[in-house]
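A.B. asks: My questions all concern the structure below.
The values are calculated or read from the model by the stated rules, or taken from the named source; none is laboratory data. Every value quoted in this text rests on a predicted model; they were computed, and no experiment measured them. Here the Cβ positions follow ideal geometry from the backbone for every residue, glycine too, while neighbour counts run over all protein chains shown. Heavy atoms of the whole protein, side chains included, go into the accessibility calculation; ligands, DNA and RNA do not. Shrake-Rupley method; radii C 1.70, N 1.55, O 1.52, S 1.80 Å.
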Amino acid sequence: MTDTLQANGVSSARFWRVALYTTLIVFAVFYLLPLYVMLTTSFKSLAEIRQGNMLALPADWTIEPWLQAWGKACVGLTCEGINSYFWNSIKMVVPAVVITTVLGALNGYVLTKWRFTGHKWVFALMLFGCFIPFQIVLIPMSQVLGKLGIAGDTAGLVLVHTAYGIGFSTLFFRNYYEAFPSELVKAAMIDGAGFFGIFWRILLPSSGPIIVVTVIWLFTNIWNDFLFGASFAAGEGAPMTVALNNLVNSSTGVKEYNVHMAAAIIAALPTLLVYIVAGRYFVRGLMAGSVKG
Amino acid sequence: MSNKNRAIGDWLRHHLPRLVLSPSVAMTIFFVYGFILYTAYISMTKSKMLPNLSNFIGLDNYGKLWKTLNWQVALDNLFIFGSLYIIICGLLGLFLAILLDQKIRTEGFLRTTYLYPMALSFIVTGTAWKWFLNPGLGLEKSMHALGWESFKFDWLINPEMAIYTVVIAGVWQTSGFVMAMFLAGLRGIDSEQLKAAQLDGASTLQTYWRIIIPQLHAVFLSAFVVLAHMGIKSYDLVVALTGGGPGRATEMPATFMYSYTFTRNQMGVGAASAIIMLMTIAAIIVPYLYAETREKNND
Amino acid sequence: MSSLEIRGIQKSFSSTQVLKGIDISIDSGDFLVLVGPSGCGKSTLLNMIAGLDSITAGDIVIDGDVVNEVRPSQRDIAMVFQSYALYPNMSVAKNISFGLEMRKVPKDERNQRVASVAQMLQIEPLLDRKPSQLSGGQRQRVAMGRALVRDPKIFLFDEPLSNLDAKLRVDMRTEIKKLHQRVGNTIVYVTHDQVEAMTLATKIAVMKDGELQQLGSPDEVYNNPNNLFVASFMGSPSMNLLESRIIQQDGAPVVPVSLKSGEEIFLPLPQSPAYRKYLNKPVIIGLRPEAITDPGSAEQESSLLYSSSCQIDMIEPTGAELYAIMELNKQEVVSRMRASCGVQSGQTAEVIFNMEYAVLFDPETELRIS
């Protein structure tokens, strides 16, 4: 729906238009300012930060904080920068996203096109699993990971994120395949395609959008996760978010705000990039993950 | 093919869909429901640093929990944070959505701008705002530099006000998403109704108030559920922004659970607090999911 | 070319029974149309023939073999769906050949068969296109091509024309009929449109509420409906049904009917022993619109013509003919007349009742009296 503000007379209409745009711009500033400050701070020297104005552009541009953050900053006891944690996150995210997406796609396929009595209950069980506060699973999960010998390891985090991501990926694919015409599946059955043949040849080629949505959604969520990372992989195997928090909140030494900001931007970069490149799918995933149905 | 092989083949073909589904179902049952039961059981034991399954003490931990001052503070904070977070995000989201709905030329850019914080980790958001609101070097100093000498903004280290900084950062992160939800709702309204309202002589304001907003009740509900859910679970933001402090000024149930379980060696109490969190969320989510899925089935 | 037998087929979804024991048997080369209002179970029955829905009770027999447990792909059937169900990611050629590929038909043969089917359906220029680039009628042809290329024992059609606009529907109807005459395969065709049923079928099965109401040739179903439902469902405009009773007049059975003017006329009935039992009892008399007509259109050789002056309340010209609406027994009655017969609304005209085509029903059982 679109409707313009009605007003009496041209000048009044113009006034409203100006007020409207001003308000919108003020809010844009509100949302952009922290990012702007992060960026400018990350290119300033510590001395300039102490003396100068946070909002000012750097007088002396320097990429030293970025190099520091990436290769030299101290996270916990080691001072080798955040790069290893960045790779930890990658090693955690990629397998978790792949496994969860594949399982979700197959689940969605079964729950819509190969229904059995009780399929609704199965879906309800998985759906509710999406919304539990994860605090509820921390204690037993730490036990299980310990028993499996993958506590403090990215492999453990892959398992954790897969276990709690399946609900959402199943939800996404189920709702997508729900709208996929069942007659196509019937036609393929009559044509002689089997369970996997139908999935592979008929459904999957039409699943591009939902795969993108699911991958983005899972990627963003797993990359941004802190609770599981902090609980199960605090040391060397910690993901990026945990390392960032350790870096920023370490109580020893001088607070190097410029390095902190550079590290924060590095931590945010992958998801920001995804958002900028595929914002449409990102929003769709957010909607699908919150507006149920 | 022998008869036996064919029988196996038929059986496999018949059960294949369920076989494919079963690993996920097994994982869900184990990792979600099994773990919930386990935590529920732990909450009724005298577990300290490690789970202690033999020492069953019934609901004692719950009694202890409610008498713990930190838990009281956490609940108070959750109430303050939760209600402000939900109300401000909701109103701001609706407000921005309505503004963006006025045939704005740069809508795409503005929408992207309002929504991008949602792509960030709460840890990044917390780090950014912590710096931005830094009492010594952040906003306060910038305002002084701009000539506003008396400007004072020390909420981050002021126990009375610190919780509101969490609200600000939370709103900053999530309100764009609420806007997107409302915008989608607005775009879903039949434009012929608006033409009819125009012909009926309604002003823009009246059209929104009397015709459009009442039709967005489903979006209001969804937004409420999403925000309440995020609010109750919020852990990362508090950790990154205030670390629960100063003192325990920004303690929340999520941080309470974590610290009692893993650092204060009160696992039983921590588990009890997790159960309370689960029940609170379930009380909001379950009726919502039930209504949503039922609605769908009635189509 | 195969025969099909449906023996006592029942279908239940949880507690609701959607098919209550259907028996239909058709010969090789028959064109069976399952027709009925929505919810009558006709599509479910078709799905069961295809093997897409499980059977609660009864047997599906193709060429003498019970196929209840045979998978859809091995029943040697092909199906044309209401939505056409073309695979959106495949080209037209791929869509047509997919079933052959699944059956491991060699590529050369596949191409050859696709080409010959494409030629038959005149869709050769479309072979490289995707379904989304086709019009409704073209999609319909591709869907038929996909079925034809397999040369199956039985073709199944599930309301294949319901998504087309009126003109195209008539054209495609003709094409399907031509196709059947040319290839001569056994066809089962589901529709809710009784005109399609009449034009296409060699056998019509009229269904309602999961029960078979009548199975017969189009002519039988139209002229000798088993019951009130079949009578009113088949034919457009539908059969006029008047409540009356049989009385004896001059030794012959007649039914009294009152005109709008209040005058009562006595319509003669054919001599039938069955009518004796209903003497002086209430009956429902069914008259097709074409059995009430203008003198010029009446079948002069009919032995049971009755002429009367009736007031015409309204006329609905359709171009080729016109429907004159009048009142009999305080009920609205439609009659079918020549467009040029000159009747005008509000005027009185001479109307001929051809009682040879009258059918009578028992108001209690709703069954035909014969």
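A.B. asks: Tell me the helices (runs of 4 or more DSSP H) entirely within the range C:185-264 that contain at least 2 residues that are of a type in the set (A, V, I, L, M, F, W, C), within 20 Å of the chain's Cα centre (by Cα) and over 26 Å from C:GLU327 (Cα atoms).
C.D. replies: So the answer is C:194-200.
A.B. asks: How about the range C:68-88: which of its residues are crowded, with 18+ Cβ neighbours inside 10 Å, part of a loop (DSSP other than H, G, I, E, B) and over 27 Å from the mean Cα position of the chain (by Cα)?
C.D. replies: Answer for the range C:68-88, where residues must be crowded, with 18+ Cβ neighbours inside 10 Å, part of a loop (DSSP other than H, G, I, E, B) and over 27 Å from the mean Cα position of the chain (by Cα): just C:TYR87.
A.B. asks: Applying the selection to the range A:65-78, what residues are touching a helix residue (DSSP H, G or I) at 6+ places or on another chain (Cβ under 8 Å) and either part of a helix (DSSP H, G or I) or in the same structural domain as A:GLU256 (by TED's automatic domain parsing) (or both)?
C.D. replies: A:PRO65, A:TRP66, A:GLN68, A:ALA69, A:TRP70, A:GLY71
A.B. asks: Checking the condition under 27 Å from C:GLU196 (Cα atoms) and surrounded by fewer than 23 Cβ atoms within 10 Å (Cβ to Cβ), which residue from C:ILE9, C:ILE26, C:ILE22, C:ILE55 passes?
C.D. replies: So the residue among C:ILE9, C:ILE26, C:ILE22, C:ILE55 that is under 27 Å from C:GLU196 (Cα atoms) and surrounded by fewer than 23 Cβ atoms within 10 Å (Cβ to Cβ) is C:ILE26.
A.B. asks: Take A:VAL212 and tell me if it is open to solvent by 10 Å² or more (accessible area, probe 1.4 Å), among the β-branched types (Val, Ile, Thr), outside any helix (DSSP H, G or I) and assigned by TED's automatic domain parsing to the domain that holds A:LYS120.
C.D. replies: no
A.B. asks: Test C:ALA118 against the stated conditions and say whether it is more than 14 Å from chain A (Cβ to nearest Cβ) and open to solvent by less than 50 Å² (accessible area, probe 1.4 Å).
C.D. replies: The answer is yes for C:ALA118.
A.B. asks: Turning to a different aspect of this structure: Collect the residues in the range A:90-130 that are within 19 Å of the chain's Cα centre (by Cα), surrounded by 21 or more Cβ atoms within 10 Å (Cβ to Cβ) and free of Cβ contacts under 8 Å to residues at least 40 places away in the same chain, keeping them in residue-number order.
C.D. replies: The one that is within 19 Å of the chain's Cα centre (by Cα), surrounded by 21 or more Cβ atoms within 10 Å (Cβ to Cβ) and free of Cβ contacts under 8 Å to residues at least 40 places away in the same chain: A:GLY129.
A.B. asks: Condition first: modelled with pLDDT under 85, farther than 20 Å from B:TRP131 by Cα, of a type in the set (S, T, N, Q) and in contact with a helix residue (DSSP H, G or I) (Cβ under 8 Å, 6 or more places away or on another chain). Now tell me which residues in the range A:6-62 satisfy that.
C.D. replies: A:GLN6 - this is the single residue of the range A:6-62 that is modelled with pLDDT under 85, farther than 20 Å from B:TRP131 by Cα, of a type in the set (S, T, N, Q) and in contact with a helix residue (DSSP H, G or I) (Cβ under 8 Å, 6 or more places away or on another chain).
A.B. asks: When you scan the range B:269-278, do you find a residue that is more than 8 Å from chain A (Cβ to nearest Cβ) and in contact with a Lys or Arg (Cβ under 9 Å, 6 or more places away or on another chain), even just one?
C.D. replies: Yes, the conditions are met somewhere in the range B:269-278.
A.B. asks: Right, something else. One residue is enough: does the range B:138-158 have a residue meeting the conditions within 11 Å of another protein chain (Cβ to nearest Cβ), over 27 Å from B:GLY247 (Cβ atoms) and in contact (Cβ under 8 Å) with a residue 12 or more places away in the chain?
C.D. replies: Looking for residues that are within 11 Å of another protein chain (Cβ to nearest Cβ), over 27 Å from B:GLY247 (Cβ atoms) and in contact (Cβ under 8 Å) with a residue 12 or more places away in the chain, one finds none in the range B:138-158, hence no.
A.B. asks: Which of the residues belonging to the range B:79-103 are out of contact with any Lys or Arg (no Cβ under 7 Å at 6 or more places or on another chain), of a type outside the set (S, T, N, Q), open to solvent by less than 10 Å² (accessible area, probe 1.4 Å) and at the interface with another protein chain (Cβ under 9 Å from one of its Cβ atoms)?
C.D. replies: Correct list: B:LEU96, B:ASP101.
A.B. asks: Restricting to the range B:14-73, name every residue that is among the aliphatic types (A, V, I, L, M), more than 10 Å from every other protein chain (Cβ to nearest Cβ) and in contact (Cβ under 8 Å) with a residue 12 or more places away in the chain.
C.D. replies: Across the range B:14-73, the qualifying residues are B:MET44, B:MET49, B:LEU53, B:ILE57, B:LEU59, B:LEU65, B:VAL73.
A.B. asks: If a residue must be facing chain B (nearest Cβ under 8 Å) and surrounded by fewer than 21 Cβ atoms within 10 Å (Cβ to Cβ), how many such residues does the range A:135-170 contain?
C.D. replies: Selection size over the range A:135-170: 1.
Per-residue answers, yes or no, for (1) outside any helix (DSSP H, G or I); (2) open to solvent by 90 Å² or more (accessible area, probe 1.4 Å); (3) over 30 Å from A:ASN107 (Cα atoms):
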site: B:HIS15; (1), (2), (3): no, no, no
site: B:VAL25; (1), (2), (3): no, no, no
site: B:MET49; (1), (2), (3): yes, yes, yes
site: B:LEU75; (1), (2), (3): no, no, yes
